[in-house]
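Any read-out appearing in this document is the output of simple, stated calculations on the displayed coordinates, not a laboratory observation. Owing to the predicted nature of the structure, the values given are computational and were not obtained by experimental measurement. Because the Cβ atoms are built from the backbone with ideal geometry, glycine has one as well, and the counts that use them run over all protein chains shown.
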Amino acid sequence: MLDTVPNRPDLPPEIARRRTFAIISHPDAGKTTLTEKFLLYGGAIQMAGQVRAKGEARRTRSDYMQMEKDRGISVSASAMSFDFNDFRFNLVDTPGHSDFSEDTYRTLTAVDAAVMVIDGAKGVESQTQKLFEVCRLRDLPILTFCNKMDRESRDTFEIIDEIQEMLAIDVTPASWPIGVGRDFIGCYDMLRNRLELMDRADRNKVAESIKIDGLDDPKLADHVPANLIEKLREDVEMARELLPDLNPQSVLEGHMTPIWFGSAINSFGVKELMDGIGTYGPEPQPQSAEPRQISPEESKVSGFVFKVQANMDPKHRDRVAFVRMASGHFKRGMKLTHVRSKKPMTVSAPVLFLASDRELAEEAWAGDIIGIPNHGQLRIGDTLTEGESLRVTGIPSFAPELLQNCRAGDPMKAKHLEKALMQFAEEGAAKVFKPTMGAGFIVGVVGQLQFEVLGSRIELEYGLPVRFEPSQFTSARWVHGPKEAVEKFTNANKQHIALDNDGDTVYLTRLQWDIDRVERDYPEIKLSATKEMM
Ligand code: G4P
């Protein structure tokens, strides 16, 4: 008996059928392959291979993209929409490399659930663990896909134990693998009492599904070799005894993850996972905001920017703000209020990201992701509404962990450099600090690789060669406190003070000791390592 999650009765059907999620995984676990199969079954592409092929065509466009390819990372995130059964899936891509964790964090603020992909031979790897921790901060529901079961993989109980122990989450098997490595023939669907058999000959063929009447059904012997039947019966009996049953509420609360076993490249287990996302994944969730929470079913439209991507087409200098719709039914041409500037904004050319290409979005519902091309008005953290002064919260900006001085190769081009840096700062690609004393800029990032990406993008997109040099500072903290106290503090510490790209005051330092000293000497001053984007 399938235990389904009742839809919240107050949600309009169009919203209730939306599932907005991201895939988290360690590089090489199979995220790209799985995405491709999702799109294939979602009818968004005709043939497996297109996503990668398209990725490559795009990447040849520039050296920067070449760099992305060389390093095997995906620097830019995007969103893809497709339909499956009765559901509309919005898949938001997360950058895979750990140097882009801030970007990833913000991407995860735009989704309601995550699919965690692990490699059956490797189990929980470092990047999976980090991303999982980010999801946990938001109590995101997680569905797990254990991939590459067509190869030698670890023992099923061992994999499940590892997830339970390393990630401190209950794991319930939604399917159970039959055979390992070359002997792997498919899975027993624990939720539907079915056999799913993999076809090794045709990678794009959907598994054959055979209804059985429990594991004592004699029909089993027609499909599963005798030596595997015994093991399957034992395993499933033990699993039912030792592992928790699927509890949909617990999944929604992020305390339990159902796990499906499969092989993305062989299209095996993917449909069952998609069914699972539809059935157990959450509908669009309420969004925390000030002064009140936003509910998806509200008739008025609202949304927030979680990512800005500049220069998607270097010839046009366009920027696209990725907006997660938080409530209502948006229609193209609507006039929305840009809450930060209080200015109206007619959204006439929103785009929806279908895998085949960008398409004009005629409408969007709460849960959807649309792209709004703009000239820089829209920044990360901005809220759009139909007039009400609401501000979505919980989109943080982290203090960078690495700081470097940045100079234009040609000193006459300092103004150009400022413009380029500010643009990247708005995109969220770096923090830019302008010291109150002395010239030049200090650029802050989370990972070393971001300096390289920035350097090549500034050169490529603005024709400006730049140099990064070591800075005397290693940390930055935002300064908060009553106005007079902040003035007194900044006047006495001028050589440590800078303004960030939003004009907020920052204290730059080398040592934790300095930070402790400030907190001791200036009790009214608070130094913080995060700031809300607004
Ligand atoms: P990623 O986005 O998580 O980094 O992983 P990606 O999908 O690119 O997959 C990484 C490698 O694993 C690819 O091989 C891919 O073909 C392979 N792979 C994905 N799913 C499965 C699976 O179910 N079984 C097996 N055996 N392999 C799988 P590659 O050699 O790096 O690339 P390619 O030459 O196949 O394109």
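Calculate the dipole size of segment 170-276 relative to its Cα centre from +1 charges on Lys and Arg beta carbons and -1 charges on Asp and Glu beta carbons; express the result in debye to the nearest 20. Each step should come with its number before you reach the end.
Values: 12 positive and 20 negative charges, 87 e Å.
So the dipole magnitude of segment 170-276 works out to roughly 420 debye.
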Quiz item: What are the lysines whose alpha-carbon lies under 19 Å from the alpha-carbon of residue 483, with same-chain residues fewer than 8 places away excluded?
Solution: 494, 526, 531
Quiz item: Once the Cα atoms of helix 156-167 and of the chain are each reduced to a long axis, what angle between those two axes, in degrees from 0 to 90 to the nearest 10, is obtained?
Solution: 20 degrees
Quiz item: Using a simple spin-label model with points 7 Å from Cα along the Cα→Cβ vector, what separation in nm is obtained for residue 391 and residue 532?
Solution: 0.6 nm
Self-check item: Cβ-based charge dipole, segment 354-447, positive-most Cα from 417, 387, 439
Solution: 439
Exercise. Quickly work out the residue 231-to-residue 422 label distance, labels modelled 7 Å from Cα along the C-beta direction, and quote it in nm with one decimal.
Key: 6.5 nm
Quiz item: With the dipole of segment 206-291 worked out from charges on the C-beta (+1 for Lys and Arg, -1 for Asp and Glu) around the Cα centre, which of 212, 278, 264 lies farthest toward the positive end?
Solution: 264
Self-check item: Summed residue charge, Cβ within 10 Å of residue 148's Cβ, Lys/Arg positive, Asp/Glu negative
Solution: -2
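Place the peptides 409-421, 246-258 in order of packing, highest mean first, counting for every residue the other Cβ atoms within 10 Å and averaging per peptide.
The packing order, highest mean first, is 246-258, 409-421.
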Quiz prompt | Mean separation of Cα contacts under 8 Å, 6 or more apart, over the residue count of the chain: relative contact order % | solution = 13 percent
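With the cut-off at 29 Å, tell me which of the pairs 148/211; 271/300; 300/431; 31/205; 37/419 have Cα atoms farther apart than that.
271/300; 300/431; 37/419
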Quiz item: Hey, if you put +1 on the Cβ of every Lys and Arg and -1 on every Asp and Glu Cβ in the chain, which of 82, 329, 373 ends up farthest toward the positive end of that dipole?
Solution: 373
Quiz item: In debye, nearest 20: dipole of segment 289-392 around its Cα centre with unit charges on the Cβ of K, R (+) and D, E (-)?
Solution: 500 debye
Quiz item: Which net charge results when you count Lys and Arg as +1 and Asp and Glu as -1 among the other residues whose beta-carbon is under 14 Å from that of residue 331?
Solution: -2
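Restricting to Cα pairs below 8 Å that are 6+ residues apart, what does the relative contact order work out to for segment 289-392? Please round to a whole percent. It would help to have the intermediate numbers written out before the result.
On the way: 252 pairs, mean separation 37.3, N = 104.
For segment 289-392, the relative contact order is 36 percent.
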Practice problem: Would you grab the residues whose amide H sits under 5 Å from the one on residue 257? Only those 5+ places off in sequence or on another chain, please, with H modelled 1.01 Å from N. | Solution: 170, 171, 172
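With a cap of 14 neighbouring Cβ atoms within 10 Å, and only residues DSSP puts in a loop, list the trypsin sites (Lys or Arg not before Pro) found in segment 220-319.
Details: sites: 231, 233, 240, 271, 292, 300, 307, 315, 317, 319; in loops: 292, 300, 315, 317.
Qualifying residues, ordered by number: 292, 300, 315, 317.
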Quiz item: Placing +1 at every Lys and Arg Cβ and -1 at every Asp and Glu Cβ, with all other atoms neutral, what dipole size does the chain have around its Cα centre, in debye to the nearest 20?
Solution: 2420 debye
Quiz item: For segment 104-110, in order, what is each residue's ³J(HN,Hα) by Karplus, 6.51 cos²θ - 1.76 cosθ + 1.60 with θ = phi - 60°, in whole Hz (x at glycine and Pro)?
Solution: 4, 4, 5, 4, 6, 6, 9
Quiz item: If you add up the charges near residue 472, with Lys and Arg at +1 and Asp and Glu at -1, over every other residue whose beta carbon is less than 15 angstrom from its beta carbon, what do you get?
Solution: +1
